[in-house]
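Novice: I'd like to ask you about the structure that follows.
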Amino acid sequence: MPQEPRFGVGRVTRFYVPLLLQAISQTLAYPLVAGIVTHGEHGVNALTAFSQGQMIMFAIGSLGGGLVTTGLVFAKTARGFAAFRRLNVRMMSVLVAIECLASLPPFSDWIFGGFFGMTPELAEISRETLLYGSVMNAGFFVRNVPLVALFDSLESGKANRATFMRIMLTAALSVAFPHFGLVGPRWGLFALTVGVWLETGLGWVYSRPYAQKIEARAASGAEEPCGVREQLRFTMPLAVGYLLLSASPLVIAAFVARTANPDDMLAIHYVTLGIANPMAAAALRIQTVSVKFLPEYPGDLRLLAYAVVAGSVLGLLPILFATPLVGNWYFGVFQNVPERILPTARLAVGLYSIFCIFHAVRGRIEGIAAAAKRSDAVMVGQIAYTVSLFIVCAAMLPLGCPGWMIAVTSVTLAPLCVTFAVYAALAVRKV
């Protein structure tokens, strides 16, 4: 079994920066294709329907959200890696089938027409996005195996290279499709799906030598159980937590839809998340760093300080999009947002800058908990995320707060609640 690397600012940065760029690239794909979606028949309202269909897709797929972490913890030997691959295939098969089922009546009617209260035209966009998005969702699961092999060998740069090719293809399609009149949600989803499968294929090519090294590792005599059942027990608390986490946008959307001017408020919410989510995802990659660079002595807070600095740097980008020059072009021209809500969209995205720090700090303690095989503590934190969102939204809605303000406030405070909850869960088990 290989020893875990020791902390060093340069060593951590070389591992983290490719993860950071990968996270940003992956989430930037979605606002890129928004330009395809919003220039279709239903304008910016189509983006709302498209996003809500994807939210259901990601909510279902999130039950496999802990698989990469599970692989990093367990798939360090040939036996553990083989068991991880079997677990990954089984979870993919079940969850993609559930996604397809949810896109069929009467379930789709209950979700999009009932819960979201969408018009029949927009509900159909969401339903189609959910159904055909199953192809893209399968690609994410297939990608888990090469990601584990690359991250285990600290080869995050090669994973980032595959993601970079994905974002380049998606960006090219986002420019080419509108030029040829290929606009609307279907073409937006097609652009996303092609990019995901390109990244997945390249990931398998890049990871093969490192996967072969893992497959050649013999288990030590003292190795803990690492079969499918053991890995499933570890990943299920993470799965429940990720499900709650991915359901959070649904919670926010349900409240925002009940505020004044709900169409405008939802539009602001989704287009600003297109900037905020990449930064949050990049900050959360500290979790993977934390799994590989554990504290080396009691009170070792070096990675915590690193997380605060990294989160502060990431927070500069939302501020850039809050400026008139960049914000008016991105929201007004590229995203086709109505001029009347441009100032509010810029204000909202600027307020998201501080939550990058909160997510980075949260990622650090979640990584420590995962490495200690305390997936229950991670799940407690993710439950706290959803509960805190609900409480904040429920408290602000009766006060007549604008929908965008409810969204920004709840999303900013939630990662703080996660951090405190994980620390508390870890402390309770020690006592």
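The values are calculated or read from the model by the stated rules, or taken from the named source; none is laboratory data. Owing to the predicted nature of the structure, the values given are computational and were not obtained by experimental measurement. Here the Cβ positions follow ideal geometry from the backbone for every residue, glycine too, while neighbour counts run over all protein chains shown. Areas reflect the complete protein model, heavy atoms only, side chains present, ligands, DNA and RNA absent. Shrake-Rupley method; radii C 1.70, N 1.55, O 1.52, S 1.80 Å.
Novice: Quick one: how many Å² of Phe390 are accessible to a 1.4 Å probe, rounded to 10?
Specialist: 110
Novice: For Lys292, Lys213, Lys373, Lys76, give me the order by solvent-accessible area with a 1.4 Å probe, most accessible first, ignoring ligands, DNA and RNA.
Specialist: Most to least solvent-accessible, the answer reads Lys213, Lys373, Lys76, Lys292.
Novice: Multiply the residue gap between Ala394 and Leu294 by 0.36 nm, knock off their C-alpha separation, and tell me the result in nm, one decimal place.
Specialist: Once the chain is fully extended between Ala394 and Leu294, it gains 32.2 nm.
Novice: What figure, in Å² to the nearest 10, do you get for the accessible area of Arg79 with a 1.4 Å probe and non-protein molecules left out?
Specialist: 130
Novice: Compute the relative contact order of the chain as a whole-number percentage, counting only Cα pairs closer than 8 Å that sit 6 or more residues apart in sequence.
Specialist: This gives 23 percent for the chain.
Novice: Hey, in the GNM for the chain with a 10 angstrom Cα cutoff, which one of Trp404, Trp204, Trp329 fluctuates hardest?
Specialist: Trp329
Novice: Given a Förster distance of 35 angstrom, what is the FRET efficiency for Leu101 paired with Val205, based on the Cβ-Cβ distance and rounded to 0.05?
Specialist: FRET efficiency, Leu101 to Val205: 0.60.
Novice: Expressed as an acute angle from 0 to 90° and rounded to the nearest 10, what is the orientation of the C-alpha long axis of helix 403-430 relative to the principal long axis of the chain?
Specialist: 20
Novice: Then there is this: Where is the GNM fluctuation largest for the chain (alpha-carbon springs, 10 angstrom cutoff): Ala29, Ala276, Ala172?
Specialist: Ala172
Novice: Please give, to one decimal in nm, the separation of the simple spin-label points placed at Ala372 and Arg302, each 7 Å out from Cα toward the Cβ.
Specialist: Spacing of the two 7 Å Cα→Cβ label points: 2.0 nm.
Novice: Between Ala427 and Val228, with labels modelled 7 Å along Cα→Cβ, what's the label distance in nm to one decimal, could you check?
Specialist: Calculated label separation equals 4.1 nm.
Novice: Helix 78-102 against the longest principal axis of the chain: what's the angle in degrees, Cα atoms only, rounded to the nearest 10?
Specialist: Helix 78-102 sits at roughly 20 degrees to that axis.
Novice: Also, I was wondering about something else. I'd like the accessible area for Cys393, computed on protein heavy atoms only with a 1.4 Å probe and all protein chains in place. Round to 10 Å², please.
Specialist: Solvent-accessible area, nearest 10 Å²: 0 Å².
Novice: If each of Lys213 and Leu325 carries a label point 7 Å out from its Cα toward its Cβ, how far apart are those two points in nm?
Specialist: Placing both labels 7 Å along Cα→Cβ, they lie 4.5 nm apart.
Novice: Can you give the angle from 0 to 90° between the axis of helix 44-61 and the longest principal axis of the chain, with both taken from C-alpha atoms, to the nearest 10?
Specialist: Once rounded, one gets 20 degrees.
Novice: Leaving ligands, DNA and RNA out of it, report the carbon-plus-sulfur percent of the accessible area of segment 98-256 at a 1.4 Å probe.
Specialist: 70
Novice: State the extension gain, in nm to one decimal, for the chain segment bounded by Ala82 and Val9, taking 0.36 nm per residue of separation less the distance between their alpha-carbons.
Specialist: Computed gain between Ala82 and Val9 is 22.9 nm.
Novice: Another question about this same structure. If you average over every viewing direction, what projected area does the convex hull of the Cα atoms of the chain give, in nm²?
Specialist: Mean projected area for the chain: 20.0 nm², to one decimal.
Novice: Now, a different point. Roughly how many debye, to the nearest 20, is the charge dipole of the chain about its Cα centre, given +1 on each Lys and Arg Cβ, -1 on each Asp and Glu Cβ, and no other charges?
Specialist: 1380
Novice: Contact order normalised by length for segment 320-369, with contacts defined as Cα pairs under 8 Å and 6 or more residues apart; what percent is it?
Specialist: 35
Novice: Find the accessible area per residue for the chain; the probe is 1.4 Å, ligands and nucleic acids are left out, and the unit is Å².
Specialist: Per residue, the chain has 40 Å² of solvent-accessible surface.
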